[in-house]
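Visitor: Okay, handing you the structure first.
The values are calculated or read from the model by the stated rules, or taken from the named source; none is laboratory data. Every value quoted in this text rests on a predicted model; they were computed, and no experiment measured them. Glycine also receives a Cβ, built like all others from the backbone with ideal geometry; neighbour counts cover every protein chain displayed. Calculation scope for accessible area: heavy atoms of the full protein, side chains included, ligands and nucleic acids excluded. Shrake-Rupley method; radii C 1.70, N 1.55, O 1.52, S 1.80 Å.
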Amino acid sequence: EEHFGDGSGFGARIDYLREEQPLGTAGALGLLSEPPTEALLLMNGDLVTNADVGGLLDAHVASGAVATIGVRRYLHAVPFGCVERDGDLVVRLEEKPVVEREVNSGIYALAPAAIARVEPGVPLSMPDLIGALLADGLAVGAFEIEDDWIDVGQREQLDRARTGG
């Protein structure tokens, strides 16, 4: 807040919300003084990134989805040979495979209809909000984050951010 102020020096408008009690990653949206009329960008506070959030917002609006999640490719090298079996019989052996998944980057675009589901003062996580939207059959989009992205909530990632590596 000391650095960004009200955002005017950066060509933006920044309002600050303060939780009296922890409300979760989505619950703080219930503190908004008025419901938004346009899509809103929400980011976890433990990210260091140069992600194209403008592109994410544009893709979200163009898609008509109620929410869009920034996703990122994640590779995990299993340090052992992996065995697949059928009962007591081995059917496949794969030496030190690399498992690829898409993970939630903690960057979201939300339509006003998604934000309207957040009850003021009620704790709510973003995964629970997204889960409720999906359970109701609403469209939730994905936008691939290809730019630098570090979740400094992970100790090794924090060290990486500090060293620039």
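Visitor: Count, please, the residues in segment 8-37 that happen to be crowded, with 16+ Cβ neighbours inside 10 Å, assigned to a loop (DSSP other than H, G, I, E, B) and in contact with an Asp or Glu (Cβ under 7 Å, 6 or more places away or on another chain).
Guide: Matching residues across segment 8-37 total 0.
Visitor: Pick from Val83, Val98, Val53: which is modelled with pLDDT of 95 or more and under 29 Å from Gly131 (Cβ atoms)?
Guide: Details: Val83 fails: under 29 Å from Gly131 (Cβ atoms); Val53 fails: modelled with pLDDT of 95 or more.
That would be Val98, the only listed residue that is modelled with pLDDT of 95 or more and under 29 Å from Gly131 (Cβ atoms).
Visitor: Evaluate the following for Phe4: is it in contact (Cβ under 8 Å) with a residue 12 or more places away in the chain and either over 14 Å from the mean Cα position of the chain (by Cα) or in a helix (DSSP H, G or I) (or both)?
Guide: Working: in contact (Cβ under 8 Å) with a residue 12 or more places away in the chain: no; either over 14 Å from the mean Cα position of the chain (by Cα) or in a helix (DSSP H, G or I) (or both): yes.
No, not satisfied.
Visitor: Then there's this: Starting from residues that are under 12 Å from Ile107 (Cβ atoms) and open to solvent by 70 Å² or more (accessible area, probe 1.4 Å), keep the ones in segment 38-47 and report whichever is modelled with the lowest pLDDT.
Guide: This residue is Gly45.
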